[in-house]
1. Quick one: net charge around A:Pro237, please, counting Lys, Arg +1 and Asp, Glu -1 for every other residue with C-beta under 10 Å from its C-beta.
2. In whole Hz and in residue order, list the ³J(HN,Hα) couplings for region B:180-196 that follow from phi through the Karplus curve 6.51 cos²θ - 1.76 cosθ + 1.60, θ = phi - 60°; x for Gly and Pro.
3. Over region A:4-48, with every protein chain in place, what whole percent of the accessible area is carbon and sulfur at 1.4 Å, could you tell me?
4. So how much slack lies between B:Asp101 and B:Phe57, counting 0.36 nm per residue of separation and subtracting their Cα-Cα distance, in nm?
5. For all pairs of alpha-carbon atoms in chain A, what percent lies in each bin of width 20 Å, listed from the first bin to the last filled one?
6. Over all distinct Cα pairs, what is the inverse of the mean 1/r for region A:75-185, reported as the Kirkwood hydrodynamic radius in Å?
7. Kirkwood Rh over Cα pairs of region A:31-104 into Stokes-Einstein at 20 °C, 1.002 mPa s: D in µm²/s?
8. How far apart, in nm, are the 7 Å Cα→Cβ label points at A:Ser178 and B:Ser178?
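The values are calculated or read from the model by the stated rules, or taken from the named source; none is laboratory data. Only a predicted model underlies this, so the values are computations on that prediction, with no experimental measurement involved. Methodologically, a virtual Cβ is constructed for each residue, glycine included, from the backbone with ideal geometry; neighbour enumeration extends over all protein chains shown. The accessibility values were calculated without ligands, DNA or RNA, using every heavy atom of the protein model including side chains. Shrake-Rupley method; radii C 1.70, N 1.55, O 1.52, S 1.80 Å.
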There are 2 protein chains.
Amino acid sequence: MATGRDVAQLAGTSTAVVSYVFNNGPRNVSDETRAKVLAAAEKLNYRPNALARALSFGRTASVGLIVPDIANPFFGELARALEDAAIARGDLLLIGDSALDEDREAQIISAFVDRRVDSVVMVSIREHPDFSAFTQAGIPVVALHPVDRGSAASSITIDYEEAARAAAEHLVSHGYDSIALLNGPYDSVGAGQHRRGFAAAVDRAGTPIRTIEVNSATSRADAAARALDWLARPDRPRAVTCATDEQAYGVLHAAHRLGLRVPHDLAVMGFDGTGHSAFAVPALSTVRQPIPRIAERAVGLLAEADGDPVHEVLGYELELRESCGCGDRGE
Amino acid sequence: MATGRDVAQLAGTSTAVVSYVFNNGPRNVSDETRAKVLAAAEKLNYRPNALARALSFGRTASVGLIVPDIANPFFGELARALEDAAIARGDLLLIGDSALDEDREAQIISAFVDRRVDSVVMVSIREHPDFSAFTQAGIPVVALHPVDRGSAASSITIDYEEAARAAAEHLVSHGYDSIALLNGPYDSVGAGQHRRGFAAAVDRAGTPIRTIEVNSATSRADAAARALDWLARPDRPRAVTCATDEQAYGVLHAAHRLGLRVPHDLAVMGFDGTGHSAFAVPALSTVRQPIPRIAERAVGLLAEADGDPVHEVLGYELELRESCGCGDRGE
DNA sequence: CTGAAAGCGCTTACAG
DNA sequence: CTGAAAGCGCTTACAG
């Protein structure tokens with residue numbers, strides 16, 4: 001490919017001027033010279049090498065995103081929203097999929113540090129994520145989940161406990177007398193929040209409610225396998241609230257296989273609220289996370305990062321559809 | 001961050017030696033010196049700057065992926081498989097989501113060229129993708145869809161026409177006498193292949209079959225909206241074969257809203273066959289593309305790229321489940 | 001307004 | 001086996 005020197009040569013000027021033209025500064029260039037440079041660049045199909053640029057400029061114009069599972073539509077939507085936000089600022093989003101593997105996560109972190117991304121948005125799969133590689137490199141990080149106190153990373157989240165409570169409370173309001181919580185792995189941070197929110201809703205119910213917590217990985221396959229087993233029992237619950245939509249889809253599938261009708265025999269509530277949830281069979285009631293807002297705030301916060309971590313809590317919305325017993329299939 | 005010079009200084013040697021140590025070559029380093037360098041690097045938490053490395057080495061150790069819609073699980077699975085293949089070779093996968101927008105696709109192409117990715121895997125949203133930016137930069141490209149004759153890009157695909165025929169033929173074998181093709185946008189290349197495959201299956205059927213082609217965008221929302229309208233009519237088809245699983249999910253949802261039971265009232269066949277298809281309600285019969293194999297071949301082919309485009313056709317598999325009338329929900 | 005030169009942090013022939 | 005130096009392709013003070 002043509003370099004700045006090729007362009008300078010053809011235009012009869014210096015590489016400094018070529019740079020001034022392509023960056024609109026920091027020095028002025030006469031209209032005449034500018035035109036010559038542009039013409040030469042056009043002719044040679046010149047594109048400044050972003051690597052060389054980043055090396056001397058000290059900024060790569062890229063933000064890294066690390067997600068646990070890019071095949072999960074929640075992260076797909078998140079990636080898209082972040083890419084929109086990043087591109088609007090002239091940055092490129094680099095997406096790393098840790099594939100629910102801690103080693104893979106570590107590899108991606110190293111790759112991002114080595115490539116000197118300017119900032120990072122992260123959804124870690126670890127209980128206590130280690131942000132030190134980024135902080136040592138001076139790369140600001142925003143996590144999209146709660147972080148430990150004193151952590152160097154910022155965070156943007158909804159109030160999971162509160163949202164989980166709202167979801168369960170809604171099922172209570174339908175009058176269901178036995179409700180299950182299909183939670184993530186028992187010891188995960190997220191599971192604790194869903195558990196506490198669920199318990200609060202049950203506590204506040206006027207009537208006694210039979211409850212049970214079941215755990216599965218955050219995947220349709222695992223959730224379906226667990227549900228298939230547990231919904232077949234005579235004492236199966238009347239309703240289930242799930243920690244993620246992915247798990248809810250697994251429950252919907254399992255219920256169908258068992259001949260249980262949703263919501264008639266089993267009410268189901270999801271959590272995350274991606275666009276796909278509206279097209280489930282039946283349409284899935286869920287808690288919607290404000291993905292566009294999360295993305296916009298994350299990118300904005302990273303752009304203004306001054307070293308001090310910031311923690312923001314955004315609102316969620318209850319999306320009531322057929323699966324919990326609200327509305328009918330026709331609407 | 002610490003640089004190679006910092007390490008050299010602390011180890012009492014030169015940057016050349018630091019480089020030799022970290023690259024295991026091209027020159028030998030005495031064990032003693034190596035140990036000193038490693039200790040200094042450890043102490044300073046040194047990580048070679050990948051930008052500088054790429055600039056002088058002429059290789060970025062990164063492959064770019066451009067997909068139309070990262071929220072579509074097919075591309076999610078593809079991205080994951082490619083990342084596996086790339087990481088196994090020590091490369092980083094950069095994922096760009098063109099969000100079904102031609103301008104966005106062009107932006108990503110420029111960003112990849114500017115960053116000098118070593119190679120590119122691309123699923124374009126354009127009828128006649130323009131690979132010139134890559135070829136001018138000497139970056140080999142493999143498209144995961146058929147490409148124009150004489151194109152500089154390689155391609156790896158299944159035989160879509162043949163696969164579409166097999167899917168439709170399977171519905172014919174069930175004895176359904178009216179079958180619809182829910183295809184992508186009428187003029188797209190893909191649509192032509194599905195159309196021809198579908199027509200071939202119908203032609204070969206021993207009995208007359210009533211057919212209709214309906215078009216929608218490749219999204220659940222659009223497919224559901226179309227299906228809601230068209231499945232409500234009295235002359236609705238007995239079976240539908242779709243150009244993508246996404247569209248099939250939309251049909252499943254619409255059928256449910258209309259009170260039609262699948263497969264009893266309407267048989268449905270998808271196309272793509274991601275892991276999610278097994279957990280649809282009901283489980284979706286579909287054509288499975290060999291994603292892991294596609295990814296592995298793509299990365300392999302790019303690694304050996306010698307300039308001449310290569311075109312490979314891989315096998316597909318018919319995945320028969322409940323939605324077409326095969327098997328029962330219990331299995 | 002413009003050019004020659006130093007520097008970003010690496011790699012790698014070239015000498016020793 | 002090791003070091004001093006040139007070069008990858010940019011940007012930006014520094015002089016003019």
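1. Working: positive: A:Arg210, A:Arg233, A:Arg236, A:Arg238; negative: A:Asp177, A:Asp235.
Net local charge, A:Pro237 excluded: +2.
2. 9, 10, 8, 9, x, x, 3, 8, 5, 4, x, 4, x, 5, 5, 4, 5
3. Numbers: 1340 of 2950 Å².
The value for region A:4-48 is 45 percent carbon and sulfur by accessible area.
4. Values: separation 44, 0.36 × 44 = 15.84 nm, distance 3.43 nm.
Taking B:Asp101 through B:Phe57 to full extension adds about 12.4 nm, to one decimal.
5. In whole percents, the pair-distance histogram is 28, 44, 20, 8, 0.
6. Values: mean 1/r = 0.0614 Å⁻¹.
Across region A:75-185, the inverse of the average 1/r is 16.3 Å.
7. Estimated via Stokes-Einstein, D reaches 142 µm²/s.
8. Reported label-point gap for A:Ser178 and B:Ser178 is 4.5 nm.
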